Amino acid sequence: VLGTAGAARAADAARGQELYESRCGGCHSLDANRVGPAHRGVYGRKAGSVAGFAYSPAVKGSAVVWEEKTLVAWLANPQAVIPGQRMNFRVALPEDRADIVAYLRQQSGK
């Protein structure tokens, strides 16, 4: 946490890696399509665009681009971001979402 109580907290990519591996790793990998698509390079990429992954029609047809705001919203409630998508997992805590997004951004070279 930065500064005094209530001050902004910097996202922690190292913690995000731990969270990604423990919470996301069952379905996702950075470099391989599994139950979910590969995530390396996800930051800045259009949703539904990883070659060789069978996306839901909702994700494939969406105009979403994965950036800070969209990734945080997706992790909070995927159905609210892209109705009809198939991921039924949420990350409850805002700091956990921020750290996971920081890790994904780092792994995307952004």
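The values are calculated or read from the model by the stated rules, or taken from the named source; none is laboratory data. Predicted model only: the values in this text are computed from it and were never measured. Cβ coordinates were reconstructed from backbone atoms using ideal geometry, including for glycine residues, and neighbour counts include every protein chain displayed. We work out accessible area using only protein heavy atoms, side chains counted, and drop any ligands, DNA or RNA first. Shrake-Rupley method; radii C 1.70, N 1.55, O 1.52, S 1.80 Å.
Miscellaneous remarks
- Surface accessible to a 1.4 Å probe, Phe89 within the full protein complex, Å²: 80
- The range 1-107 - percent of accessible surface contributed by carbon and sulfur, probe 1.4 Å: 56
- Helix 94-107 axis, angle to the chain major axis (alpha carbon atoms, nearest 10°): 70
- Estimated translational D of the chain in µm²/s (Stokes, Kirkwood radius over Cα pairs; 20 °C; 1.002 mPa s): 150
- Accessible area per residue for the chain is 56 Å², calculated with a 1.4 Å probe on protein heavy atoms, without ligands, DNA or RNA.
- Under 5 Å from the amide H of Val65 lie the amide H atoms of Ala47, each residue being 5 or more positions distant or on a separate chain, with H modelled from the backbone and absent for Pro and chain starts.
- In terms of the mean number of neighbouring beta-carbon atoms within 10 Å, the peptides 76-87, 34-45 order highest first as 34-45, 76-87.
- For the chain, averaging the sequence separation of C-alpha pairs within contact (under 8 Å, six or more residues apart) and dividing by the residue count gives a relative contact order of 33 percent.
- Ordering Glu67, Glu18, Glu95 by accessible surface, largest first, gives Glu18, Glu67, Glu95; the 1.4 Å probe counts only protein heavy atoms, with every chain in place.
- In this structure, the amide hydrogen of Gly41, modeled 1.01 Å from its nitrogen in the peptide plane, lies closer than 5 angstrom to those of Ser108, counting only residues at least 5 positions away or on a different chain.
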